[in-house]
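The values are calculated or read from the model by the stated rules, or taken from the named source; none is laboratory data. Keep in mind that this is a model prediction, so the values were computed, not measured. Don't worry about glycine lacking a Cβ; one is built from the backbone with ideal geometry, like all the others, and counts go over all protein chains shown.
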Amino acid sequence: MRLACCRCALAVVAWGIALAACGPTEQSFAERCRDELGLATSECAEVAAWRLPSALPTARGNAYADDERAAQLGRAIFFDERFARVPGVSCASCHLPERAFQDGLAVSEVLPGSRGARNSPTLLNVAWLRGAFFWDGRADSLWSQPLFAFENAIEMDSSRLRIAHRIADDASYRAAYQTIFGALPALDDAARFPPDGKPGEPSFDEMAAADRDAINRVAANVGKALEAYQRRIATGPSALDRYLDGDPSALSAEQERGLVRFVKSGCYACHSGPMLTDSAFYMASDVTDRGRAAGIEVLLGSPFNAAGVYFDRDAGEALELPLGPELEDEHAFRTPSMRNVTLTAPYGHAGTRTLEAVLSAPGLLYEEGDAIVIGAFLRALEGTAPPPEWTTPPP
């Protein structure tokens, strides 16, 4: 099984939350970890690496990720219902701020009668996720991820031509876009740029190659604005972060026991690093969903992947594209983050599990009462809410 190690480096501060460390204590976390928690030195080092950095990591392939103007444009687009073909649908339909930027459903059902097959993940702290996105890894950057949702027939059912025209037809969008990204193509020429269409539809496929490229460029830039916004949907320090900063009172005695059981039960083998995920893919029992194998095929066919011309080469390190799916990719799904996990039920790629069911899975825990104390520890992973200017539509 291939493992993708997730270790986020500190970068330039890009969000307006002050993450101040706690004051000094008589013992460092490392000393308390050994002396009071009874963990080995290597285990203590692993736990210390769970601290969520106070600065955002570098974005991959997006030169505009830390541009405030792009973030404000992305915020407006995120909440705008006019980008979908069906009225009343926006990015926020599946990622509701009041539900920790997910929808609380087993699988999303945005359009009437069009039920998805996978659980909608939270967007909280999504900037720190590394590797590929979606449960199946079909996107290899945060900016390319929303472009799939726009064109998915059971999500927003939109198209890249529709997106481009929406930007051009709205005076505020047009001005903001051109200030950030430069001039739009001549979208008022309907013969060259039909009002709607995407790959697989004649309205798009029959366009001149240069015009298709121009529309792809607009779509990619919209994705980059959305990433700039989503990077700011970031929680402040959790109780665990304050604990690791040197405040022993941040965790209750039960939560401390839960932390120890989390380590001793081997949970950190898959849930490691600042986001408590190894970003790897593991085989599930769902044999009807090809998972990572199908995701790789979509990724390799996408013009928005890291090998494509829309990936900004000077902005972050690109992932190495897989050559193609292998046997171990069949029915494999990404390890989810444990950050804010108690806010984001239900769980699993199909949304079929409760937290109690996850913690009671056979072979996972080996001492009576582990599920209770680990559940208490997981509550310590809830970060403080993002600033309200990033959780509400623009005025």
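Using the structure shown, decide if Gly246 is within 16 Å of Pro53 (Cα to Cα) and either in contact with a Ser or Thr (Cβ under 6 Å, 6 or more places away or on another chain) or surrounded by fewer than 19 Cβ atoms within 10 Å (Cβ to Cβ) (or both). Yes: the conditions hold for Gly246.
The set of residues from region 86-109 being in contact with a strand residue (DSSP E or B) (Cβ under 9 Å, 6 or more places away or on another chain), surrounded by fewer than 19 Cβ atoms within 10 Å (Cβ to Cβ) and part of a loop (DSSP other than H, G, I, E, B) comprises Val86, Gly104.
Of all residues in region 230-268, those satisfying the criterion of being closer than 22 Å to Ser279 by Cα, hydroxyl-bearing (Ser, Thr, Tyr) and modelled with pLDDT of 95 or more are Thr235, Ser238.
The set of residues in region 331-341 being touching a helix residue (DSSP H, G or I) at 6+ places or on another chain (Cβ under 6 Å) and farther than 18 Å from Ala234 by Cβ consists of Ala332 alone. Residues of region 82-92 that are in contact (Cβ under 8 Å) with a residue 12 or more places away in the chain and either farther than 23 Å from Arg232 by Cα or over 16 Å from the mean Cα position of the chain (by Cα) (or both): Arg82, Phe83, Ala84, Arg85, Val86, Val89, Ser90.
Looking at Ala307, Ala269, Ala280, just one residue is free of Cβ contacts under 8 Å to residues at least 40 places away in the same chain and touching a Leu at 6+ places or on another chain (Cβ under 8 Å), and that residue is Ala307.
Residue-by-condition table, conditions (1) at pLDDT 95 or above; (2) in a loop (DSSP other than H, G, I, E, B); (3) within 16 Å of Gly236 (Cβ to Cβ):
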residue: Arg2; (1), (2), (3): no, yes, no
residue: Cys6; (1), (2), (3): no, yes, no
residue: Ala14; (1), (2), (3): no, yes, yes
residue: Gly23; (1), (2), (3): no, yes, no
residue: Glu46; (1), (2), (3): yes, no, no
residue: Leu52; (1), (2), (3): yes, yes, yes
residue: Thr58; (1), (2), (3): no, yes, no
residue: Asn62; (1), (2), (3): yes, yes, no
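Residue under question is Asp286, and the condition is that it be out of contact with any Lys or Arg (no Cβ under 9 Å at 6 or more places or on another chain), modelled with pLDDT of 95 or more and of a type in the set (D, E, K, R); does it hold? So Asp286 fails the test. Just one of the numbered conditions (1) under 20 Å from Gln230 (Cβ atoms); (2) out of contact with any Leu (no Cβ under 8 Å at 6 or more places or on another chain); (3) buried (at least 16 other Cβ atoms within 10 Å of the Cβ) is not true of Glu382: (2).
Filter region 69-82 down to the residues that are out of contact with any Leu (no Cβ under 8 Å at 6 or more places or on another chain) and surrounded by 21 or more Cβ atoms within 10 Å (Cβ to Cβ) and list them by number.
The answer is Ala70, Ala71, Leu73, Arg75.
Residues that are in contact (Cβ under 8 Å) with a residue 60 or more places away in the chain and over 16 Å from Ala76 (Cβ atoms) number at least 3 in the following helices (runs of 4 or more DSSP H) confined to region 146-247: 209-230, 239-244. Regarding region 348-367, can at least one residue be identified that is among the small types (Gly, Ala, Ser), within 20 Å of Ser265 (Cα to Cα) and touching a residue at least 24 places away in the same chain (Cβ under 8 Å)? Yes, some residue in region 348-367 is among the small types (Gly, Ala, Ser), within 20 Å of Ser265 (Cα to Cα) and touching a residue at least 24 places away in the same chain (Cβ under 8 Å).
Residue pairs whose Cβ atoms lie under 6 Å apart, separated by 6 or more positions or on different chains, with the first residue in region 315-327 and of a type outside the set (Lys, Arg) and the second at pLDDT 95 or above and not in a loop (DSSP other than H, G, I, E, B), are Pro322/Ile296; Pro325/Ala293; Pro325/Ile296.
Is there a residue being in contact with a strand residue (DSSP E or B) (Cβ under 7 Å, 6 or more places away or on another chain), within 20 Å of His349 (Cβ to Cβ) and either among the polar types (S, T, N, Q) or surrounded by fewer than 21 Cβ atoms within 10 Å (Cβ to Cβ) (or both) anywhere in region 128-136? No, region 128-136 contains no residue that is in contact with a strand residue (DSSP E or B) (Cβ under 7 Å, 6 or more places away or on another chain), within 20 Å of His349 (Cβ to Cβ) and either among the polar types (S, T, N, Q) or surrounded by fewer than 21 Cβ atoms within 10 Å (Cβ to Cβ) (or both). Checked against the criterion of being within 20 Å of the chain's Cα centre (by Cα) and farther than 17 Å from Leu129 by Cβ, the candidates Ala350, Ala357, Ala361 yield just one match: Ala350.
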